[in-house]
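J.: Let me begin by handing over the structure; questions about it come next.
The values are calculated or read from the model by the stated rules, or taken from the named source; none is laboratory data. Please read these numbers as outputs of a predicted model, since none were measured by experiment. Glycine also receives a Cβ, built like all others from the backbone with ideal geometry; neighbour counts cover every protein chain displayed.
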Number of protein chains: 2
Amino acid sequence: MRLSRKSDYALRAVMHFAGLPKGKLASIGEVAKAQSIPREFLAKILKDLTWAELLLSFQGVTGGYRLAKDAKSITFFDVIEAMDGQIYLNLCCEDKHECSHSKGCPMRDFWTKEQDHYLKSLKKANFAKYKSK
Amino acid sequence: MRLSRKSDYALRAVMHFAGLPKGKLASIGEVAKAQSIPREFLAKILKDLTWAELLLSFQGVTGGYRLAKDAKSITFFDVIEAMDGQIYLNLCCEDKHECSHSKGCPMRDFWTKEQDHYLKSLKKANFAKYKSK
């Protein structure tokens, strides 16, 4: 039911980048320290965020990372999905899941409704609104 | 982020008992078959639901289980909490968790609000409304 530690760290990292002056890079070390994220784990997370085209990576001594696009166009949904894949509150809301009870299951409506609400909230939450100060 | 399999099965089991005629018992075997839940796992779940005073257990050949109280007064919240303990969407919403970033964390409001919404929904969903037919 709860957000993975990886996604929580990823949200914090993106929040950190969103709080930087435009064009400024931050290194793994800087983000790890500022957001209290274990450095090795963060390195993996930033790689995945870059792979998902949410961050840009710059090599070299003065290298680092920055957001790949405007903070306003990156949402909590994007980050969590990039870390953990499809987001769902209960198994019956997963795209590929086929539940033999889904037809006429009294609970299905409940989970579908909650899922819709949750995804909408995650898609509305962008990093222009949520950023480190 | 997603409901545990144990909680999903527990909800289905309680839904099954809620759908029985008043006072009627159901055996582990009956519930397992009707709800497609592995029997051994269900036995453990029904024990935990009894321990949580949501079910009553009756011994003997004609024994079985039934709801310990009116279906209307048992909620999804009660069942999930009995299975998995405190319900929270992100670690920062856990009672005992102390996050060094919580003061001034831009995300905290988001999670608190989502958490409130989710818990309210779970507390409103009772088994007079959600029951097997």
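J.: Which members of region A:99-110 meet the condition of being exposed (fewer than 14 other Cβ atoms within 10 Å of the Cβ) and within 8 Å of chain B (Cβ to nearest Cβ)? Talk me through it step by step, then tell me what you get.
T.: The first filter runs over region A:99-110 and keeps only residues exposed (fewer than 14 other Cβ atoms within 10 Å of the Cβ), leaving A:100, A:102-104, A:109.
Listed by number, the residues that qualify are A:SER100, A:GLY104.
J.: Before we move on, is B:LEU25 farther than 30 Å from A:ALA128 by Cα, within 12 Å of the chain's Cα centre (by Cα) and among the aliphatic types (A, V, I, L, M)?
T.: Answer is no for this residue.
J.: Are there any pairs with C-beta distances below 6 angstrom linking a residue in region A:66-87 that is more than 14 Å from A:TRP51 (Cβ to Cβ) to a residue that is basic (Lys, Arg) and not in a strand (DSSP E or B), with the two at least 6 apart or on different chains, and if so which?
T.: Pairs found: A:THR75/A:LYS123; A:PHE77/A:LYS123.
J.: Which count do you get for residues in region B:74-100 that are touching a helix residue (DSSP H, G or I) at 6+ places or on another chain (Cβ under 7 Å) and not polar (S, T, N, Q)?
T.: Counting residues in region B:74-100 that are touching a helix residue (DSSP H, G or I) at 6+ places or on another chain (Cβ under 7 Å) and not polar (S, T, N, Q) gives 16.
J.: In addition: Just checking, which of A:LYS124, A:LYS113, A:LYS96 is surrounded by fewer than 16 Cβ atoms within 10 Å (Cβ to Cβ), over 30 Å from A:LYS22 (Cβ atoms), at the interface with another protein chain (Cβ under 10 Å from one of its Cβ atoms) and without any contact (Cβ under 8 Å) to a residue 60 or more places away in the chain?
T.: A:LYS113
J.: Okay, moving on. Report yes if some residue within region B:9-32 is surrounded by fewer than 21 Cβ atoms within 10 Å (Cβ to Cβ), basic (Lys, Arg) and in a helix (DSSP H, G or I); otherwise report no.
T.: Within region B:9-32, none of the residues are surrounded by fewer than 21 Cβ atoms within 10 Å (Cβ to Cβ), basic (Lys, Arg) and in a helix (DSSP H, G or I).
J.: Still on this structure, please answer the following. Can you report the number of residues in region A:45-63 which are surrounded by 13 or more Cβ atoms within 10 Å (Cβ to Cβ) and either modelled with pLDDT under 95 or of a type in the set (D, E, K, R) (or both)?
T.: Total meeting the criteria: 2.
J.: Regarding region A:50-68, can at least one residue be identified that is over 30 Å from B:LYS6 (Cβ atoms), part of a helix (DSSP H, G or I) and either more than 17 Å from the chain's Cα centre (by Cα) or not polar (S, T, N, Q) (or both)?
T.: yes
J.: Hey, does region B:74-84 have a residue that's under 16 Å from A:LEU3 (Cβ atoms), modelled with pLDDT under 95 and not aromatic (Phe, Trp, Tyr)?
T.: Checked against the condition, which is being under 16 Å from A:LEU3 (Cβ atoms), modelled with pLDDT under 95 and not aromatic (Phe, Trp, Tyr), region B:74-84 yields at least one hit.
J.: Checking A:GLN86 against (1) of a type outside the set (D, E, K, R); (2) in a loop (DSSP other than H, G, I, E, B); (3) surrounded by 14 or more Cβ atoms within 10 Å (Cβ to Cβ), only one condition comes out false. Which one?
T.: For A:GLN86, the exception is condition (3).
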